[in-house]
Every structure is written in structure tokens, then in C-alpha cells.
Amino acid sequence: MTMAAEAGTVARNFSRRMWIAAIIVAALQTAILGYMVGERAWGLRSGVEVLLKTAPIDPRDLLRGDYVTLNYDISRVPVSTLIGGAPTDSRKNQVLSVRLKKQDDGYWGIVESSFGTLEPKPDTVVLKTLPFDYFSYGDSPQATISVTYGIERYYVPEGAGRTIEDARNHDRVAIAARISADGEAHIRSLLLDGKSVYEEPLY
């Protein structure tokens, strides 16, 4: 085999391997995307629906793109609800389990929390926070832990964000969320003055 023919064979083999690698990468990306969409759809279909009250946000926190920043009453977990009391040392990458129960006003609120596992109880759901760094709050009974749940951003049609943010800061916005069995939250719909104005499809 001449050097030119050998070089051509090497180039073809290299090209073939590159195509195979590209197909594998594309297949993996498709599988991952499909899993994410499927997991979200399953959470929306099968999760327990809860109504969450939003809280005002500093007006200096401007609208970022076509989504609204959301804050909730349950975004501040009272240290007094921690089972076993608050840890005295600081810890990184902590996840808090928060038990919610429907209140008299129809909204769901915190009844207890734990850095460990909370077992299922009737008429309650357990919501898990995103990882955060915990700092000791001492013995103050009024102390709260600021947490996020992955539902702090809601995308809206272009130009609609400012109106919703203004309504949010006047206590007119609520969120209906579905909580899956593993404690993950998904926004089902956004309510303005008690009426649904945006809903997520269940796929």
C-alpha cells in the first residue's frame, strides 16, 4: 500500500470515528433532555398540589429578561421549627426537609423542618430545599434560615413581567405548585388575585 493510500485510509477511519462519537454524544444529550422533561412532567402530573403565598422583593431587584423573580413565605424557615433544635456549627451544602400543611387561609405553611429525613404524615407534604451553606443562628427564637426550592423564577410572555412583579409586591400573586414524592417542587400555575393567569402544560 502506498503512503498516499495509507493516509487516505487513516483519514477515513478518523472521520468514521468522529461521526460515531458525534452520534453517541447527540444520543446522550437527547436522552438527558428527555429524562429531564419526563421527570418534570411526572412531577406535575403526580405531585401533590399546594398553594404558596409569594412575598415582596426589594424593588431594586429588577426584572431579568422575560421572567419574574419569586420569593415565598416558606423561603424563610423558622429555626424554631427545626426538629432537635438548630445545629451550633456552620455547615456547607446542606439540604433542609420542610414539612408543609394547609393553613386556614388556604395557603400551605411550614409546620416542622429537619436536616434529616421527615417521614410522611397525613395531610402534609415534605419539600426539600436546594443545597445551601448553613450558619449557626444561636438560640434566637426569631431566627430564620433563608432557603430556595428551585421555583424562584417564572418565565412569562415578553412585556408581562413588570405587571406581575408589581402585583407580587402588593401581595396579589400566588403560586400553585406540585410537590413530587421525592420532595421536588414544580410550578403548576401562577395566580393573580386568586385566578390562574399562566399554567404549565402537564405534557
- Counted charge near D123, where neighbours are those whose Cβ lies closer than 11 Å (Asp, Glu -1; Lys, Arg +1): +4
- Query: Once the Cβ-Cβ distance between D104 and D66 is put in as r, and R0 is 35 Å, what FRET efficiency do you end up with, to the nearest 0.05?
  - Reply: 0.45
- So between I23 and S140, what do we pick up on full extension, going 0.36 nm a residue minus the alpha carbon distance? 36.4 nm
- Task: For each pair in K102/K195; K92/K121; K53/K92, compute the distance between the two Cα atoms and list the pairs where it is over 26 Å.
- Result: K92/K121; K53/K92
- How large is ³J(HN,Hα), in whole Hz, for each residue of the stretch 84-100 in order, when computed from phi with the Karplus curve 6.51 cos²θ - 1.76 cosθ + 1.60 and θ = phi - 60°, using x for Gly and Pro? x, x, 7, x, 8, 10, 7, 9, 9, 6, 8, 10, 9, 8, 10, 8, 10
- Linear extension gain, V111 paired with N93, 0.36 nm per residue minus alpha-carbon span: 4.2 nm
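Each reported figure results from applying straightforward, stated rules to the coordinates on display, with no laboratory input. Everything quoted here is computed from the prediction, not taken from an experiment. Quick reminder, even Gly has a Cβ in these numbers, built from the backbone with ideal geometry, and neighbours come from all protein chains shown.
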